[in-house]
1. Could you list ASP183, ASP45 in order of exposure, starting from the residue whose Cβ has the fewest other Cβ atoms within 10 Å?
2. Rounded, prolate or oblate: which one fits region 36-83, using the alpha carbon gyration tensor with axes a ≥ b ≥ c (rounded when a/c is under 1.5, else prolate when a/b beats b/c, else oblate)?
3. Show which aspartates and glutamates lie in cross-link reach of LYS156 when reach means a straight Cα distance below 19 angstrom and same-chain residues fewer than eight apart are skipped.
4. What ranking do GLU38, GLU192 get, fewest neighbouring Cβ atoms within 10 angstrom at the top?
5. Could you point to the residue in TYR72, GLN106, LEU25 farthest towards the positive end of region 1-129's charge dipole, with +1 and -1 charges on the Cβ of Lys/Arg and Asp/Glu respectively?
6. By count of other Cβ within 10 Å, fewest leading, how are ASP168, ASP138 ordered?
Amino acid sequence: MLLLGKLPQNAHVLLERLHILQSKLMLGFEAQERVEAEFSPQVLDLLHPNELGRIQSGSVVLIHEGVEIACYEEGDLLGLNRVFDLPYVQMNAQEPVVIERIHRDQFVSFITQDPVRQHRWSNYLLTLSALYQQMLIDIYANVSQVTAKGFQSFQKDQVIIQQGDIADTVYQLMSGTAHVSVDGVRVGEVLEDEIFGAMAAFTGEKRSATVIANEPCQVLAIPKNQFVDLIRAQPETAMTLLNNMSRRINELNQQLLDAQSCTA
């Protein structure tokens, strides 16, 4: 398994240990059936709910809310969560893949009949738990570093972002609403939980618009470099940003259509 994006501390060591344990764990196991697919948006659908999969060739990408989180490679096990009735996410095959089918009971019997395999299985689960714990600590540390400094309050009609200012901060509106204006013309709204001010921060250009509070607002101000780290730690933040931008683009398009209708 490969983790995509910025890796937490010690992740390389834990991933290598997982790889070694997994290869030793399955020594001597021979799968009876295989399934092949050129492409699959959910690889687990190729397997019965009580079956695990082991990748024989190709790769599978773990996706959460449209963001690629990890890549599973040859020898990796798939579907552990599902066969033991735990929550699971999308696993996408973007290239031809061959997967060995392993019945859950067959797998459990193979592990439990040998004390050495039992030890390796326990070690595998503990290592996997340590990896997830390290990822959680890394995410929490990044979020805590940002939120400890970043909350700001604004009253009604107070400027949050001023057009023409230097952009070194990204904002998220935690409560309240605000509106966006360009050269004094109102062009859009910022709603609760939306991220704004990101484009100028990323491009290095000055602020292209002014954002003004419609009512008392609480805003999370995130320095640009910390926002990049936050996206790496929490990829769903990038999806939130894209959704916000799409809504604002639709608003601008509608305003343009309305203006054209008035002049027609």
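1. Details: ASP183 8, ASP45 11.
Ordered by Cβ neighbours within 10 Å, fewest first: ASP183, ASP45.
2. Numbers: a/c = 1.41, a/b = 1.18, b/c = 1.20.
Since a/c stays below 1.5, the shape of region 36-83 is classed as rounded.
3. GLU189, GLU192, ASP193, GLU194, GLU215
4. Details: GLU38 9, GLU192 13.
By the 10 Å Cβ count, ascending, the order reads GLU38, GLU192.
5. LEU25
6. Values: ASP168 12, ASP138 19.
So the ranking, lowest neighbour count to highest, is ASP168, ASP138.
Here, each number is a calculation from the coordinates, and none is a lab measurement. Computed from a predicted model, the values in this text were never measured in an experiment. All Cβ positions, glycine included, derive from the backbone under ideal geometry; neighbour counts span all protein chains shown.
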